[in-house]
Amino acid sequence: MSWQMLLLWLVIMTLPKPAPCEDDDTVSIGGRFHHETSFGDDGLKGENAVFGERVPLYKEYEGAKKTKLSLIARDKSRTDEIIERRRSTRVFSGQTLGLDYLARVLLSGNGVTHSKGAYEMRSAPSAGALYPIDIYVIAYRVDSLEKGLYHFQVQDSSLALIKAGDFNEDIYRACNNQKTVGFSPATLILTARFDRSTIKYADRGYRYCYMESGAIAENVHIQAEALGLGTVIVGAFNDDAVSGLLDVDGVSEAPTIIMPLGWPR
Ligand SMILES: Cc1cc2nc3c(=O)[nH]c(=O)nc-3n(C[C@H](O)[C@H](O)[C@H](O)COP(=O)(O)O)c2cc1C
């Protein structure tokens, strides 16, 4: 390679690279939709995003005949109580989290519960049993667990250490400095590996990924409540910052939900 070519190559390499999807007509509608609804440093990335008008919280059908639902004998089962007790927890005590508690929450969130033929089925439903959602854990104060970033390995119910260290400040900053995040003994980060779903459902698979993240998050919420723990679904985060922390590309795999987990104060 001549020095001129080398110089040109160096200049090209240092040019700012466009974010994935920008000015790229080959990106699918699902990929574009995900990109334009991502948060960057200056808020929503999509320039054409519009806010809706305020609409009433409850829908009424004037004049419609209504049948009152009588409160039949209330189910006093534990599930009923747990669901009623569930609240978002935003302030955590300094108490450490037992590894067995974290394990219970992860397994209830998205662990294998049974098999169907050759398929291993999980605690949360998944379109086509394709399971596009992964869970990462930032462990900060978890008994017998080194501080670091872990990946929940569903296949053998284990936590794989991706990198050791204290990432609480990073996740706090990546969640737009929300005091809710970064002060809990553990933080769960759900990501969607979109391709696992779009291979069967094309771009509709994006929708399924968001739906499935919600199903897993609710499992986590309910199990946390049952154990006396607290959590909250955090949807406001800087997409690129969280992807960077997890070392995922933010396009084929991207964060969908963040859930700090710990003992409520
Ligand atoms: C999609 C979604 C995104 C949310 N994002 C945040 C968030 O970024 N920060 C936060 O403190 N709470 C967040 N929440 C929690 C809601 O504020 C909370 O669920 C709501 O106020 C109802 O309160 P409850 O969960 O205690 O019933 C989010 C909830 C959902 C479902």
Log entry, pairs with first residue in the range 80-99 being of a type in the set (G, A, S), second being surrounded by 14 or more Cβ atoms within 10 Å (Cβ to Cβ), beta carbons closer than 6 Å, six or more apart or on different chains, reads S88/V232; S93/W263
- Message: I'd like to check something: does the range 215-230 contain any residue that is more than 26 Å from Y101 (Cα to Cα) and modelled with pLDDT of 95 or more?
- Response: no
S115 fails exactly one of (1) modelled with pLDDT of 95 or more; (2) closer than 23 Å to L159 by Cα, namely (1)
Within the range 161-183, residues crowded, with 20+ Cβ neighbours inside 10 Å and more than 16 Å from the ligand (Cβ to nearest atom) come out as F167, N168
For this session: Inspect the range 29-45 for any residue being farther than 30 Å from F183 by Cα, among the polar types (S, T, N, Q) and modelled with pLDDT under 95 and give the result as yes or no.
Result: no
Those residues of the range 23-42 that are part of a helix (DSSP H, G or I) and either among the basic types (K, R) or surrounded by fewer than 17 Cβ atoms within 10 Å (Cβ to Cβ) (or both) come to a total of 4
Reported set for the range 86-136 where residues are closer than 15 Å to A192 by Cα and either among the acidic types (D, E) or within 16 Å of the ligand (Cβ to nearest atom) (or both) is G109, A124, I133, D134
Of the residues in the range 184-227, those that are within 16 Å of the ligand (Cβ to nearest atom), farther than 18 Å from A254 by Cβ and among the small types (G, A, S) come to S184, A224, A226
Among residues of the range 219-242 being under 11 Å from the mean Cα position of the chain (by Cα) and without any contact (Cβ under 8 Å) to a residue 60 or more places away in the chain, the residue farthest from L188 (Cα to Cα) is G235
All-but-one check, C209 against (1) in contact with a Phe, Trp or Tyr (Cβ under 7 Å, 6 or more places away or on another chain); (2) more than 25 Å from A103 (Cα to Cα), failing number (2)
Would you mind stating whether S108 is of a type in the set (S, T, N, Q) and at positive phi?
-> no
Flagged pairs (Cβ under 6 angstrom, 6 or more apart or on separate chains; first in the range 34-47, under 12 Å from F237 (Cβ atoms); second at pLDDT 90 or above) are S38/K45; S38/D239; F39/N238; F39/D239
Scanning the range 238-253 residue by residue, the ones that are surrounded by fewer than 22 Cβ atoms within 10 Å (Cβ to Cβ) and either among the small types (G, A, S) or within 16 Å of the ligand (Cβ to nearest atom) (or both) total 7
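The values are calculated or read from the model by the stated rules, or taken from the named source; none is laboratory data. None of the values given here were measured: they were computed from a predicted structure. Ideal geometry is used to build each Cβ from the backbone, glycine not excepted, and the neighbour counts take in all protein chains shown.
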